[in-house]
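Heads up: the structure comes next, in structure tokens.
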Amino acid sequence: MNTQERKSHWEKIYETKALTEVSWFQPVPQTSLSFIEKACVPKDAKIIDVGGGDSFLVDHLLELGYTNVTVLDISNAAIVRAKQRLGEKAKHVNWIVSDITQFKSLELYDLWHDRAAFHFLNNDADIEAYVQSVKTHTKSDAKLIVGTFSKEGPLKCSGIEITQYSDRSLVSIFQEDWENNEALTVMHPTPFNTEQAFVFVSFSKRG
């Protein structure tokens, strides 16, 4: 699936499905919040949530006092929905509409979080582009948190084939530039009374 196909797909999803009609709905993204807390970055750290869409992570980060949060998503409709939900608080967030494999910025982030985008990249070129983007757009002492569908998770999400990962395979993807800190497998309860297996890995950038 190329960039335009990906964008068209996700615009349609966010234009036609309510928040509670998607499997990734999570009122309190506790695993992500716990990993971010363990990263021990200051409240004014530059944090980017890749594939954040209209996730509630940004809401909780603002409530916790983080003041420099960026949300990136390929879907403009997702960003619009998140802004509408946040109301006036949306002015305190940096919003970017971009395919992560095409992302270019002069910003360097202290913490890169992704629970939504990486496992949708299914070819070597896109995966390599992502890995290089993480390296290019983070500071020398940055933290990285990646959550993907695990080997026990689904093979598809929203009609798209995904790439499953184990903690070891995730570590191997990023090991050239990132040192593994912690790995955790969690079960995500969906709005449909089912569960999806995720694996999360946190990293510190190698000096």
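The values are calculated or read from the model by the stated rules, or taken from the named source; none is laboratory data. Given the structure is predicted, the values throughout are model-derived calculations rather than measurements. Cβ placement follows ideal geometry from the backbone for every residue including glycine, while neighbour counts extend to all protein chains displayed.
Taking the condition outside any helix (DSSP H, G or I), within 27 Å of PHE25 (Cα to Cα) and touching a Leu at 6+ places or on another chain (Cβ under 7 Å), does PHE203 pass? Yes: the conditions hold for PHE203. If the condition is being small (Gly, Ala, Ser) and either at pLDDT below 95 or not in a loop (DSSP other than H, G, I, E, B) (or both), then region 78-108 contributes ALA78, ALA82, GLY87, ALA90. Residues considered: ASN180, ASN123. Of these, the only one that is over 20 Å from SER23 (Cα atoms), surrounded by 17 or more Cβ atoms within 10 Å (Cβ to Cβ) and polar (S, T, N, Q) is ASN180.
Name the residue that is farthest from HIS137 (Cα to Cα), counting only residues in region 14-41 that are part of a loop (DSSP other than H, G, I, E, B) and touching a strand residue (DSSP E or B) at 6+ places or on another chain (Cβ under 8 Å). Selected residue: SER23.
Return the residue satisfying two criteria in turn: it lies in region 129-162 and is surrounded by 15 or more Cβ atoms within 10 Å (Cβ to Cβ), out of contact with any Phe, Trp or Tyr (no Cβ under 8 Å at 6 or more places or on another chain) and at pLDDT 95 or above, and of such residues it is farthest from ALA117 (Cα to Cα). The extreme case among them is LYS135.
Is at least one residue of region 6-14 touching a residue at least 40 places away in the same chain (Cβ under 8 Å), touching a helix residue (DSSP H, G or I) at 6+ places or on another chain (Cβ under 6 Å) and hydroxyl-bearing (Ser, Thr, Tyr)? Yes, there is a match, as at least one residue in region 6-14 is touching a residue at least 40 places away in the same chain (Cβ under 8 Å), touching a helix residue (DSSP H, G or I) at 6+ places or on another chain (Cβ under 6 Å) and hydroxyl-bearing (Ser, Thr, Tyr). Within the set VAL69, VAL28, VAL41, the sole residue that is β-branched (Val, Ile, Thr), surrounded by fewer than 16 Cβ atoms within 10 Å (Cβ to Cβ) and at pLDDT 95 or above turns out to be VAL28.
Quick one: which residue in ASP59, ASP49 is surrounded by 17 or more Cβ atoms within 10 Å (Cβ to Cβ), at pLDDT 95 or above and assigned to a strand (DSSP E or B)? Testing whether each residue is surrounded by 17 or more Cβ atoms within 10 Å (Cβ to Cβ), at pLDDT 95 or above and assigned to a strand (DSSP E or B) leaves just ASP49. Residues that are touching a residue at least 60 places away in the same chain (Cβ under 8 Å), assigned to a strand (DSSP E or B) and not β-branched (Val, Ile, Thr) were ranked within region 182-196; the one that is nearest to PHE25 (Cα to Cα) is HIS188. Taking residues in region 38-57 that are without any contact (Cβ under 8 Å) to a residue 40 or more places away in the chain, and partners anywhere that are of a type in the set (Phe, Trp, Tyr) and part of a loop (DSSP other than H, G, I, E, B), the pairs with Cβ atoms closer than 6 Å and at least 6 places apart or on different chains are LYS43/TYR66.
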